[in-house]
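Here's the structure, in structure tokens; my notes come after.
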Amino acid sequence: MKIWLREHRFALAEAVRKLIKTPGSFAFNVLVVAIALALPIAGLTLLENIRPVTQQLAVEPEISVFLALDTPADQARALASGIRSALPLASKKSRIEFIPREQALENLKEKTGLADALTTLGQNPLPDAYIIRLANIDVAAVDALAERLQALPGVETVQVDSAWVKRLAAMLQVMRLALLLLAATLGVVVMAVIFNTVRLQVLTQREEIAVSRLIGATDAFIHRPFYYTGALLGICAGTVALAAVTLALQPLNGAIAEFARLYASEFRLTALDPLIMLMLLAISATLGLLGAAFSVRRHLARLP
Amino acid sequence: MIEFQHVSKSYAHGVAALTDINLTVAKGELVFLAGPSGAGKSTLLKLIAAIERPSSGKVTLNGQDVGKLKRAALPYLRRNLGLIFQQQRLLQDRTVLANVMLPLIVTGASKAEAQQRALAALDKVGLLERAKAEPQALSGGEQQRAAIARAIVNRPQLILADEPTANLDRDSANQVLEALKAFHSAGVTCLISTHDEQFLDSATRVIYLRQGQLIETWRKEAA
């Protein structure tokens, strides 16, 4: 165990020593890998910021059924059974709430502060309404249900309120998948860059490798510094990419704040959670390690 | 200690480097391999260190068939050998001391132990004061002595030196040879290839090779 640790310490020191010896090429490689990593990290930051917004919104489709203004109150209340029977079998547990026109007016006065203006109207302009919070229903089935409800006697308008949230959630799912594909593609790019960097190192250190073999170094001993080189490149590039994305949030938030204010929102992009950042660094280090491992196995085997 | 049984070696392009070599070297011997360039001296040494594999025949070292060793076993064979080359093959990007420490580091020795033993080895070849120098700052003879220090730092049972005095002036060559003889006196078996006839006067055993064939071998009887 002591020898194993000692060998790893030596390999790490060798890797650092060689990277420091060529600072220009090291910095360039870090930059190239960081650019490749920054794109998926930026995408992930965006998704992580949007996710809580969508979670706050109800994702159950909601239907508002507005009755004709001249519908008698008892007929309006009796419509509940007609609505329930129009629901698909799987959605029978949906919540149906009746909002009488008087209550609707009170709510409006309370929430908008337009009480005085509404009083001047003389009569209540709001109809009786039903709010249906649908359970276990397909987005596709919502439209069919809306049509059935529209056909009920006394119904003036049917408004599907929450389908857009479902659509947004579906869109986010597509974005997540696209991000995953982008990350996978750029992961391959990162590995290719590190593969090539390590290949060049193997070529420039050919003599050292040959001498090491002649003095009794095992393959593991010779390979190890290259593995550390790959992992270090990955970690450094990951750090640069995370820092770049985090710094880019500042000017972006300036523009977003303006936009969000128009919708009375306080929405801001925030940096990724430190735990996620650590996980991303581990992934970039692993990508570097894998790129180096493929390169070392391929190119060292060819050396005498 | 070393035995060649009907060993032949041909390279890929069909050139026969060695043909039907039969040879035995006992433990503690100092053997010179002589012959013109291209005679097969280097190939013979490479076969012992398993840098090359025989095309036919058997090379054994302490009873072990080195030609059949698996790749993973080679480092452990070489840790018991001291290899010295015509080109010193010192690593230019580290100090002389770091070069000499390397064979110990690869075996898992601690830095302190490796440094102590490397300094002792450099002392034995008279290079202690150049320990911190870069190899390119050393003369050819000093570089070769540094290479000898690297070869003996692991206290090998056998030293294989391939033309260690080539490209050196007379004084430097003598110093290198004296260093090798000192290790032989300490009980290390030495095989030294040379095409410099003048060094053979001091040899106790000489093996002549020509065009890959062993043509003559002689021993000087102990006085």
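Contact order for segment A:62-161, expressed relative to its length and based on alpha carbon pairs under 8 Å spaced 6+ residues apart, stands at 52 percent. In this Cβ point-charge picture (+1 for Lys and Arg, -1 for Asp and Glu), segment B:91-155 has a dipole of about 160 debye about its Cα centre. Placing dummy labels 7 Å off each Cα toward the beta-carbon, the span from B:Thr217 to B:Arg155 is 3.0 nm.
Using the Karplus relation 6.51 cos²θ - 1.76 cosθ + 1.60 with θ = phi - 60°, the per-residue 3J(HN,Hα) values for segment B:55-69 come to 6, 8, x, 9, 10, 10, 10, 6, x, 9, 6, 6, x, 10, 5 Hz, with x marking Gly and Pro. With N as its number of residues, chain A has a Cα radius of gyration that, divided by 2.2 N^0.38 Å, comes to 1.63. Evaluated with a Cβ-only charge set (Lys, Arg +1; Asp, Glu -1), the protein assembly as shown carries a dipole of roughly 2000 debye about its Cα centre, given to the nearest 20. Global size of the protein assembly as shown: 40.8, 138 Å for Rg and Dmax (C-alpha atoms, Rg to one decimal, Dmax whole). Across chain A, the mean sequence separation of Cα contacts (distance under 8 Å, 6 or more residues apart), normalised by length, yields a relative contact order of 29 percent. Within the shell of other residues whose beta carbon sits under 15 angstrom from the beta carbon of A:Asp128, the net charge comes to -4, with Lys and Arg scored +1 and Asp and Glu -1. Distant-in-sequence amide contacts of A:Ile99, defined by a placed amide H-H separation under 5 Å and a gap of 5 or more residues or a different chain, comprise A:Ala129, A:Tyr130, A:Ile131.
Taking the number of Cβ atoms within 10 Å of each Cβ as an exposure proxy, the fewest-first ranking of B:Ile84, A:Ile96 is A:Ile96, B:Ile84. Helical content of the protein assembly as shown, expressed as a calculated mean residue ellipticity at 222 nm, amounts to -18500 deg cm²/dmol (DSSP H runs of 4 or more residues, -39,500 (n - 2.57) each, divided by residue number, nearest 500).
Candidate membrane-span-like segments in chain A, meaning DSSP H helices with Cα atoms spread over at least 30 Å of their own axis and a Kyte-Doolittle mean of -0.5 or above, are A:23-56, A:163-204, A:219-262, A:274-300, with no membrane implied. With a cut-off of 15 Å on the backbone N, the residues of segment A:274-295 near the modelled label site 7 Å out from A:Asn253 along Cα-Cβ are A:274.
No lab work stands behind these numbers, since they all come straight from the coordinates. Computed from a predicted structure; not experimentally measured. Note: ideal-geometry Cβ built from the backbone for every residue, glycine included; neighbour counts use all protein chains shown.
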